[in-house]
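Written out below as structure tokens is the structure these notes cover.
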Amino acid sequence: MTYYIDIPGNPVPMGRPRVTVRGGHARAYLPLKTRQWLDKAAAHIKAYWKQPPLEGPVGVRVRFVSSRPQRLLRKKDPEGRMPRPVRGDVDNYAKNLLDCLQMGGVYGDDGQVVYLEARDLWCSKLENPKVEVEIMGGPGWRFEL
């Protein structure tokens, strides 16, 4: 089966964990921006996902559609979506998304993801930023080699 979820808002890459020491104990935490996006996206997915977690292998196709910077909103710039070759690697966006899909109850462990296709794009001039997710899995889905 195939499921589609759109998560509104600008995507956020997975930030590097930070470590502090208090009272002789080390404590690791995620940056605030990463944590906020994870919580918001997971809540959005939980509201959509009304079934038990998928079992077995899972495939994910995702488009990270970020808002355009002002420099790409001129008349001579293309109207449609454009590749986004800037800082914020697509693999860090994917890590964050896979974690929030797990938090949202789509699957039990992100180790179940055997197929991942990700694109990092600027949105079109009249489009709002979002993350478009296609999830393939469940009964009857087979990953083709």
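Each reported figure results from applying straightforward, stated rules to the coordinates on display, with no laboratory input. Given the structure is predicted, the values throughout are model-derived calculations rather than measurements. Counting neighbours? That spans all protein chains shown, and the Cβs are built from the backbone with ideal geometry, glycine included.
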Task: Per-residue HN-Hα couplings for the stretch 59-64 [Karplus 6.51, -1.76, 1.60; θ = phi - 60°; Hz; x = Gly/Pro] - done: x, 9, 10, 9, 10, 8
- [ ] Could you point to the label whose value was computed as Rg and Dmax of the Cα atoms in Å for the structure here, given (i) 14.5, 41; (ii) 17.0, 58; (iii) 19.5, 57?
- [x] (ii)
- [ ] Could you grab the relative contact order for the chain? Cα pairs under 8 Å, six or more apart, rounded to a whole percent.
- [x] 44 percent
Task: When each of LYS33/LYS130; LYS40/LYS125; LYS33/LYS95; LYS40/LYS95 is checked by Cα-Cα distance, pairs over 20 Å - done: LYS40/LYS125
Open item on the list: Whole-Hz ³J(HN,Hα) for each residue in the stretch 40-53, computed from phi via Karplus 6.51 cos²θ - 1.76 cosθ + 1.60 with θ = phi - 60°, x for glycine and proline: what do you get?
Closed with: 5, 5, 5, 5, 5, 5, 4, 5, 7, 7, 10, 9, x, x
TODO: Grab the beta carbon distance between ARG18 and GLU132, set R0 = 22 Å, and tell me the FRET efficiency rounded to 0.05.
DONE: 0.15
TODO: Compute the length gained on full extension between MET103 and ARG27: take 0.36 nm times their separation in residues and subtract their Cα-Cα distance, giving the result in nm to one decimal.
DONE: 25.2 nm
Open item on the list: Skipping prolines and chain starts, which residues have an amide H placed within reach, meaning under 5 Å, of the one on SER124, given they are 5 or more residues away or on another chain?
Closed with: ARG81
- [ ] Please label the shape of the stretch 1-73 as rounded, prolate or oblate, based on the square roots a ≥ b ≥ c of the eigenvalues of the alpha-carbon gyration tensor (a/c under 1.5 means rounded; beyond that, a/b larger than b/c means prolate, else oblate).
- [x] oblate
Open item on the list: Show me, for the stretch 10-27, the HN-Hα J-couplings you get by feeding each phi into the Karplus relation (A = 6.51, B = -1.76, C = 1.60, θ = phi - 60°), rounded to Hz, glycine and proline as x.
Closed with: 5, x, 10, x, 5, x, 6, x, 9, 10, 10, 10, 9, x, x, 10, 7, 9
Task: Residue order, fewest to most surrounding Cβ atoms within 10 angstrom, among LYS130, LYS125 - done: LYS125, LYS130
